Amino acid sequence: MADLSINLAGIRSPNPFWVASAPPSNTAYQCHRAFEAGWGGVVWKTIGDPIVNVSSRYSSHNVGGMRMVGFNNIELISDRSIEVNFKEIKECKERWPDRAVIASLMTDTRENWHDMMKRARDAGADGVELNFGCPHGMCERGMGSAVGQNPDVIETIVGWVMEAAEIPVIVKLTPNITDITQPARAAKRAGADAISMINTINSVTQVDLDRLVPEPYVDGKSAHGGYCGPAVKPIALNMVHSCAADPDVQLPISGIGGIGNWRDAAEFIALGSTSVQVCTAIMHYGFRIVEDMIDGLSNYLDDKGMDSVNELCGKAVKVVDRWETLNLNYKRIASIDYDKCIGCNLCYVACEDGAHQAIALTEAGERGLGPGRLPGKPIPEIKDEECVGCNLCSIVCPVDQCITMVDVDTGKPPMTWKEYQEKLASGEMKPIPAHP
Amino acid sequence: MTRQRRTDQETAARMMADIEPAYTDQQAQVEADRCLYCFDAPCIMACPTGIDIPAFIKKIAVQNNRGAARTILSSNILGASCARVCPTTVLCEGACVLQDRDQKPIKIGRLQRYATDAVAGKEASLLEKPAAATGKKVAVIGGGPAGLGCAAEMARLGHAVTIFERRPEAGGLNTYGIAYYKLTPEVSLDEVEVVKSLGVEIRCGVEVGVDLPMADLQKDYDAVFLGVGLGHTYTLGIPGEDLPEVMEALAFIEEIHTQPLHEVAVGEHVVVIGCGNTAIDAVTQAKRLGATSATIVYRRGEKDMPAYAYEYEIAKADGCGFVFHAAPVEVLGESSVTGLKVIRTEPDAEGRARPVPGSESVIPCDMVIKALGQEKQVQMLQTLLPDLALDAKGRVVRDEKTGQTSVPGVFAGGDAANGGREVVNAVAEGKKAARGIHAALCGDAVEGPVQHTRVGVPGSKPVGSGLDRPVRVPEAEAEYYAAKGER
Ligand SMILES: Cc1cc2nc3c(=O)[nH]c(=O)nc-3n(C[C@H](O)[C@H](O)[C@H](O)COP(=O)(O)OP(=O)(O)OC[C@H]3O[C@@H](n4cnc5c(N)ncnc54)[C@H](O)[C@@H]3O)c2cc1C
Ligand SMILES: Cc1cc2nc3c(=O)[nH]c(=O)nc-3n(C[C@H](O)[C@H](O)[C@H](O)COP(=O)(O)O)c2cc1C
Ligand code: SF4
Ligand code: SF4
Ligand code: SF4
């Protein structure tokens, strides 16, 4: 069985799965339950001067029958006292010495940051995470994403923290910013040991059309909340990769955002995360989901012949590159397997109205009725010459492996956009004719 | 008009093919995605072996099939055959909460098959390594589901186990008795290999009490598990019963499992007496193997039949006939069967079927299959262990939780102890007894309960949703109502 243990900037845990700083890591009781279920680490619910929360706090973006595709909250940091939180961290760490317990912190002045760092160390925390990400409530008070959106402020505050740091410091970044590498570089410059991302994204999930007030509803009003859950995974992966690939960042990453199973986790790790953190999926299904994460990831690593999860870390970082480095002479086109096609013609309408008019509706002929297509009803046929290989039909098709994208040999050597520009400039090549 | 081959190889293979074919990857994904992943799910409570169903379904949903199979097999070593033979509508699927929101229950059995198929041949590598050897030796009599379930669990607890099986192959009724279109002998024999690969020795062709004295086992082993199942079919006790075309259902089904399918001889017009699940298996398989007509004759009415509703549906869909309220009087024929004389019955005040004098009639047929239920092996058990306590129905008396019988060192489970239930009950009872034996030999209890069997009691009041789900949890309900002082 592959070795799942990790070491993120000196924070060790038996597996890369950490509970994110959020309601599931609110109390020692929950952390015990998490560790019993198998989680490798817990990032404690952000500790600071206790706040007061509103009721209600969450709302959901449901799609069809699926609940919590996206999840939104207007909760603040911990509503428990700083003393109680550190006391419980100590308890937890004593009972689970092999797991990672990380204190998430949020405060304001230099003295307060120093004080919090000392308390975290005294409680036995393996590291701290600085919450520069919370997009609501705290930023109005000059904390959370108000810090995270301003690289200069990040650099200053991380600098203060590093003055007092005796344990590893992770800086948690907000996604509510145009270029995630800017705050990441600032954290690096200030000496942070690692970064984590993403915190939640500004959002309004739904408007109650009778009351005309969005959820979460608080006495006739609502507020912008932080968005997370499966829907944010692509955004998080993009940011994790951007930081992993940036030569000016080069910090270990703890990936967060929409992770719910071993596959999600493996993708974050392949794009450069050392550990991964989970909140929404636990809020939906409980700590037990980690069993599949551990089991599935280790089966996958075994299948791929990797002895350790560290071999997977960053494996896919290099192949995601700038657009201008892609080969303009590569071509793939769609191909339909008529033994699988059920005749819904969604591919046709998608290509006809939404893409490049490269699918015709034709007589079934030799291709027969497949798994149950109606006699006389036309079936889709790819016009190979017209197909630009956009992938749309294969994405739309409801049958697995029915439309596949197959490579076509163009007989031309690889050429990037940059090379193309050079060839144009030197007169070696005429411009490629515009699409008709 | 005699018992003869009535089909060809190709037709036989088609007619006897899986009644529920294997899921494709996409079908499995779609079905797995429907599962709500309930916490402390009722489907788990309804599985006698307590498989963590939501956990394995969730793993299928994320294409961790090996992990799914591990979850299944670590609770139920015969997970592959149970996936095919369990009466899921009255077990896990019957308890699925989706029925309470007007949806079809999750097809747990088919998903279980999908996961176990995915690891066929590699099962043992998935399971946790057995515990350190305890130095204790345990003998298991009978290599059916109960014996295999017990042996696998014992081996995993570190004991040296030997199974003694009187037949040429182990697997019990899984190998010789289940309807072919549900489970082929190959799947059963593969499972036997899995149990062997856990380190269990299986000695086939050894009948304890005949080839090997019971006393030897008691002397040479630290404990003995009795998983001997049931015996022959009850006899009719009517004239003509000894004609050559009168067969026991089990003998007929065994031919299907030991001969090429198209070589199994059936009558042109077959009558099956009885209306339990075995009768259904016999009548449908006779029809599928080429009988022009196959008809069930049952003493009582449609409502009274012991067969499960979905089994009855299979037989009706196969075009089998049903003659209710008719009791057999005589098998007609000189040297071979020509018909069955029956008499009409009516329920008396107590609901028993009483023959109506003068209402005899004849059902022409050339083969009669008796499916009246299996006898307990009282004589064999008393010869093996004269001190073994049996109840009035001939079942081995044993402690429900530990399998301990009245004889020290002897444990029991499966059909011999429960009187004849399902494969999954036999596996669960074997597993419980293994833990009972372990506790007796080593003094430590094994963590993790095996669920008590929770198949529904008709007419009991529902707990929870208030809707009428087919599966009840009688033990839980009894406690609930006792606490409320209602029952
Ligand atoms: C026709 C039929 C169809 C069925 N269909 C289903 C179904 O679809 N689904 C389902 O869940 N259940 C079904 N069942 C029930 C199921 O087969 C049994 O509940 C299950 O097999 C019981 O397991 P067991 O190990 O207790 O007994 P068995 O399977 O009967 O195994 C007992 C074994 O002990 C051996 N043995 C007995 N005495 C000795 C001895 N002295 N020495 C050595 N070996 C001995 C026997 O040869 C046999 O192999 C069916 C039963 C029948 C008869
Ligand atoms: C209700 C709720 C409260 C949260 N509180 C905090 C917090 O106190 N500190 C913090 O750093 N992140 C907080 N988060 C953000 C999560 O830690 C995490 O970054 C985000 O939810 C994305 O992960 P997910 O998609 O797995 O939920 C909170 C998220 C939710 C849903
Ligand atoms: S989950 Fe429901 S019951 Fe629990 S605190 Fe929230 S609103 Fe209340
Ligand atoms: S979308 Fe797929 S299934 Fe539907 S018509 Fe096109 S190829 Fe066939
Ligand atoms: S009860 Fe049904 S929906 Fe719930 S976990 Fe079991 S199979 Fe899934």
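Observations, loosely collected:
- Exactly one residue out of A:A266, A:A270 is within 11 Å of another protein chain (Cβ to nearest Cβ) and touching a residue at least 40 places away in the same chain (Cβ under 8 Å): that is A:A266.
- Any hit, region A:239-253, residues being surrounded by fewer than 21 Cβ atoms within 10 Å (Cβ to Cβ), in the same structural domain as A:N72 (by TED's automatic domain parsing) and within 13 Å of the chain's Cα centre (by Cα): yes
- Residues in region B:321-364 that are more than 19 Å from B:I296 (Cα to Cα), of a type in the set (S, T, N, Q) and in a strand (DSSP E or B): there are none.
- Number of positions in region A:76-98 that are surrounded by fewer than 14 Cβ atoms within 10 Å (Cβ to Cβ) and in a loop (DSSP other than H, G, I, E, B): 4
- Just one of (1) in contact (Cβ under 8 Å) with a residue 60 or more places away in the chain; (2) farther than 24 Å from B:T175 by Cβ; (3) among the charged types (D, E, K, R); (4) more than 14 Å from chain A (Cβ to nearest Cβ) fails for B:D117. It is (2).
- Considering A:P23, A:P14, the condition of being touching a residue at least 60 places away in the same chain (Cβ under 8 Å) and under 21 Å from A:G229 (Cα atoms) is satisfied by A:P23 alone.
- Restricting attention to region A:400-434 and to residues that are of a type outside the set (S, T, N, Q), in a loop (DSSP other than H, G, I, E, B) and within 14 Å of chain B (Cβ to nearest Cβ), the residue that is surrounded by the most Cβ atoms within 10 Å (Cβ to Cβ) turns out to be A:C402.
- Qualifying residue in region A:346-357 (condition: of a type in the set (S, T, N, Q), in contact (Cβ under 8 Å) with a residue 12 or more places away in the chain and either within 14 Å of chain B (Cβ to nearest Cβ) or more than 13 Å from ligand 4 (Cβ to nearest atom) (or both)): yes
- The number of residues in region B:87-109 that are within 16 Å of ligand 1 (Cβ to nearest atom) and either within 14 Å of chain A (Cβ to nearest Cβ) or in a helix (DSSP H, G or I) (or both) comes to 8.
- Exclusive hit being touching a strand residue (DSSP E or B) at 6+ places or on another chain (Cβ under 6 Å) and crowded, with 24+ Cβ neighbours inside 10 Å, set B:I280, B:I296, B:I238: B:I296
- Options A:T181, A:T156, A:T174, A:T200: the member that is assigned by TED's automatic domain parsing to the domain that holds A:N73, touching a residue at least 12 places away in the same chain (Cβ under 8 Å), buried (at least 18 other Cβ atoms within 10 Å of the Cβ) and more than 22 Å from A:V54 (Cβ to Cβ): A:T181
Okay, residues lined up against (1) surrounded by 15 or more Cβ atoms within 10 Å (Cβ to Cβ); (2) within 13 Å of chain B (Cβ to nearest Cβ); (3) in a loop (DSSP other than H, G, I, E, B):
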| residue | (1), (2), (3) |
| --- | --- |
| A:G258 | yes, no, yes |
| A:T274 | yes, no, no |
| A:I282 | yes, yes, no |
| A:R288 | yes, yes, no |
| A:I294 | yes, yes, no |
| A:S298 | yes, yes, no |
| A:A334 | yes, no, no |
| A:K340 | yes, yes, yes |
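Per-residue answers, yes or no, for (1) in a helix (DSSP H, G or I); (2) away from chain A (no Cβ under 11 Å):
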| site | (1), (2) |
| --- | --- |
| B:T11 | yes, yes |
| B:A17 | no, yes |
| B:A22 | no, yes |
| B:D33 | yes, no |
| B:L36 | no, no |
| B:C43 | yes, yes |
| B:T49 | no, yes |
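- Evaluating B:T175 against the criteria (1) within 13 Å of the chain's Cα centre (by Cα); (2) part of a loop (DSSP other than H, G, I, E, B); (3) buried (at least 24 other Cβ atoms within 10 Å of the Cβ) leaves one unmet condition, (2).
- When each of B:I141, B:I163 is tested for being crowded, with 24+ Cβ neighbours inside 10 Å and in contact (Cβ under 8 Å) with a residue 60 or more places away in the chain, the lone residue that passes is B:I141.
- The residues listed here are B:T49, B:T89, B:T11; of these, the one that is under 19 Å from B:V187 (Cβ atoms), hydroxyl-bearing (S, T, Y) and touching a residue at least 60 places away in the same chain (Cβ under 8 Å) is B:T49.
- Residues in region A:342-399 that are at pLDDT 95 or above, assigned to a loop (DSSP other than H, G, I, E, B), over 33 Å from the mean Cα position of the chain (by Cα) and buried (at least 18 other Cβ atoms within 10 Å of the Cβ): A:A358 alone.
- Members of region B:53-86 found to be within 9 Å of another protein chain (Cβ to nearest Cβ) and in a loop (DSSP other than H, G, I, E, B), listed by number: B:V62, B:Q63, B:N64
- Looking across region A:300-327, the residues that are within 14 Å of another protein chain (Cβ to nearest Cβ) and touching a residue at least 24 places away in the same chain (Cβ under 8 Å) come down to A:Y300, A:L301, A:D302.
The values are calculated or read from the model by the stated rules, or taken from the named source; none is laboratory data. What you see is a predicted model, and the numbers here were worked out from it, not measured in a lab. Cβ sites come from the backbone with ideal geometry, for glycine too, and all protein chains shown count toward neighbours.
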